[in-house]
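These notes concern the structure reproduced below.
The values are calculated or read from the model by the stated rules, or taken from the named source; none is laboratory data. Every value quoted in this text rests on a predicted model; they were computed, and no experiment measured them. Backbone-built Cβ (ideal geometry, glycine too); neighbour counts: all protein chains shown.
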Amino acid sequence: MTTDGKNNEKRSSVVSVPDDISLFQVFDEDHDRFAFPGPVYRVTGGHGGEAILIAGSQRTALIDCGMAYCGETTVGNIIRRLSALGRDRLDCVFLSHSHYDHIGALPDIRKAFPKAEVYGSAHCAKILERPGAHSLMKELGQNALELYDPASDKEITTEGLKVDHVLSDGDSVPLGNETVRAFETKGHTDCSMSYLLEPESILFTSESTGIIESREYVHTPCLKSFVQGLASMEKCRSLNPKHICLPHFGLIPQDFNQRYWDMFRAECHAKASYVAEMKARGMGEEEMLANYTDKYWTEAKAMEQPKEAFLINSRHILGVLLKELDELNSQEKRNGF
Ligand SMILES: [Zn+2]
């Protein structure tokens with residue numbers, strides 16, 4: 001890791017970021033999840049979703065925005081970081097996907113930086129055109145506000161929640177000496193994209209390729225397709241990034257990269273076997289959900305995700321696994337894992 005004590009001290013004096021919680025204590029204490037190589041900084045304003053700032057030699061970009069309830073704090077963090085760098089402009093925002101915990105703060109960011117241009121996948125653009133998506137986003141944003149900051153009188157809005165420029169697989173956006181390349185990585189949603197920052201070689205992955213929760217467990221939030229999630233993982237792996245930044249987590253140690261991909265694949269197949277076993281025992285979906293929740297829900301998770309959201313996601317995951325059991329099983333046999 002490129003951890004540099006002095007540098008970290010400077011980072012934390014400029015920006016206020018949420019305290020660490022036990023869910024994220026996966027690696028040794030000397031591993032700093034947000035000690036990015038290059039001009040890359042965490043500007044997250046609160047629990048629930050990350051916002052990462054990239055100060056390219058000519059243009060400044062944001063990867064995801066975080067949740068709406070803490071949008072103003074995130075904006076404050078961006079402004080302080082920019083001014084420490086002698087800048088005042090945010091030029092572009094890259095969206096990993098259309099979920100409220102990743103893009104809820106976009107309206108606040110647009111208000112503070114009206115010239116910022118927003119990039120995302122074609123599917124993400126389409127989803128954000130739907131009024132239903134906006135009302136869901138508003139409702140979930142409101143729930144998160146009540147959970148994480150109940151004293152706040154902030155009004156959750158979805159104004160400006162849209163994509164200005166559609167990115168296709170492999171497209172790149174220059175930031176000066178640096179480039180952000182977009183890669184479609186479906187599985188968590190159909191609108192998911194991962195972004196590779198070059199030349200730093202940092203891959204900001206989407207949730208389609210998992211989130212680390214312990215040295216032994218990678219969460220596999222493939223709400224749409226495990227088969228696609230696994231294909232997305234192979235695509236990310238083939239890019240051979242030097243650094244992997246996971247959503248909701250940050251950087252994993254470089255020497256853990258290959259093990260991470262292996263763990264994700266193994267966990268996808270382990271979940272499929274677990275569901276196959278429950279199915280073989282004749283369990284219905286409700287009983288499966290209760291079992292799944294007993295196995296995977298932890299109190300530490302409550303800090304990052306409301307239990308209702310966990311249950312909704314788990315229901316999707318079980319449904320997808322039941323649908324894809326045969327395909328996953330034959331893939332596993334074919335590849336000999
Ligand atoms: Zn999501």
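Only a single item in (1) in contact with a Leu (Cβ under 6 Å, 6 or more places away or on another chain); (2) more than 16 Å from the ligand (Cβ to nearest atom); (3) closer than 15 Å to ILE52 by Cα is not met by PRO241, and it is number (3). Take the conditions (1) of a type outside the set (Asp, Glu); (2) surrounded by 23 or more Cβ atoms within 10 Å (Cβ to Cβ); (3) within 16 Å of the ligand (Cβ to nearest atom); VAL43 misses just one of them, which is (3). Screening the candidates ASP164, ASP88, ASP108, ASP101 for the property of being within 15 Å of the ligand (Cβ to nearest atom) and either surrounded by fewer than 22 Cβ atoms within 10 Å (Cβ to Cβ) or under 25 Å from LEU197 (Cβ atoms) (or both) yields one hit, ASP101. Taken over segment 105-130, the residue count meeting the criterion of being aromatic (Phe, Trp, Tyr) and in contact with a strand residue (DSSP E or B) (Cβ under 8 Å, 6 or more places away or on another chain) is 1. Here GLU155 does not qualify as acidic (Asp, Glu), in contact with a Gly (Cβ under 8 Å, 6 or more places away or on another chain) and more than 29 Å from HIS316 (Cα to Cα).
Is it fair to say SER96 is in a loop (DSSP other than H, G, I, E, B) and in contact with a His (Cβ under 9 Å, 6 or more places away or on another chain)? So SER96 passes the test.
Screening ALA51 with (1) away from the ligand (no atom under 16 Å from the Cβ); (2) surrounded by 24 or more Cβ atoms within 10 Å (Cβ to Cβ); (3) not acidic (Asp, Glu) gives one miss only, at (1).
Kindly evaluate GLU159 against the criterion of being within 16 Å of the ligand (Cβ to nearest atom) and either buried (at least 19 other Cβ atoms within 10 Å of the Cβ) or more than 14 Å from GLY120 (Cβ to Cβ) (or both). No. In the set ALA290, ALA272, only one residue is out of contact with any helix residue (DSSP H, G or I) (no Cβ under 9 Å at 6 or more places or on another chain), in a helix (DSSP H, G or I), among the hydrophobic types (A, V, I, L, M, F, W, C) and more than 30 Å from ALA35 (Cα to Cα); that residue is ALA290.
For segment 293-312, a tally of residues being part of a helix (DSSP H, G or I) and surrounded by 17 or more Cβ atoms within 10 Å (Cβ to Cβ) returns 3.
Filter segment 244-256 down to residues that are closer than 22 Å to GLY49 by Cα and more than 16 Å from the ligand (Cβ to nearest atom) and give me whichever is surrounded by the fewest Cβ atoms within 10 Å (Cβ to Cβ). The residue in question is PRO253.
Taken together, the criteria place HIS219 among residues that are closer than 26 Å to ASP28 by Cα and crowded, with 19+ Cβ neighbours inside 10 Å.
Yes/no matrix, rows are residues, columns are (1) at pLDDT below 95; (2) farther than 23 Å from PRO174 by Cα; (3) not hydroxyl-bearing (Ser, Thr, Tyr):
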site: GLY49; (1), (2), (3): yes, yes, yes
site: PHE94; (1), (2), (3): no, no, yes
site: ILE109; (1), (2), (3): no, no, yes
site: ALA122; (1), (2), (3): no, no, yes
site: ILE127; (1), (2), (3): no, yes, yes
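Within segment 273-291, residues that are at positive phi have Cβ atoms under 8 Å from residues that are surrounded by fewer than 16 Cβ atoms within 10 Å (Cβ to Cβ) and not polar (S, T, N, Q) in no pair, counting only partners at least 6 apart in sequence or on another chain.
When segment 176-225 is examined, which residues are found to be within 16 Å of the ligand (Cβ to nearest atom), part of a loop (DSSP other than H, G, I, E, B) and within 22 Å of TRP297 (Cβ to Cβ)? Within segment 176-225, GLY187, HIS188, THR189, GLY210, THR220, PRO221, CYS222, LEU223, LYS224 meet the criteria.
Just the residues that are buried (at least 20 other Cβ atoms within 10 Å of the Cβ) and within 16 Å of the ligand (Cβ to nearest atom), please, taken from segment 111-126. Scanning segment 111-126 gives GLY120, SER121, CYS124. Screening ARG281, ARG265 for residues that are of a type in the set (Lys, Arg), crowded, with 17+ Cβ neighbours inside 10 Å and over 22 Å from PHE34 (Cβ atoms) leaves exactly one candidate, ARG265. Taken together, the criteria exclude ASP169 from residues that are within 16 Å of the ligand (Cβ to nearest atom), at pLDDT 95 or above, surrounded by fewer than 21 Cβ atoms within 10 Å (Cβ to Cβ) and of a type outside the set (A, V, I, L, M, F, W, C).
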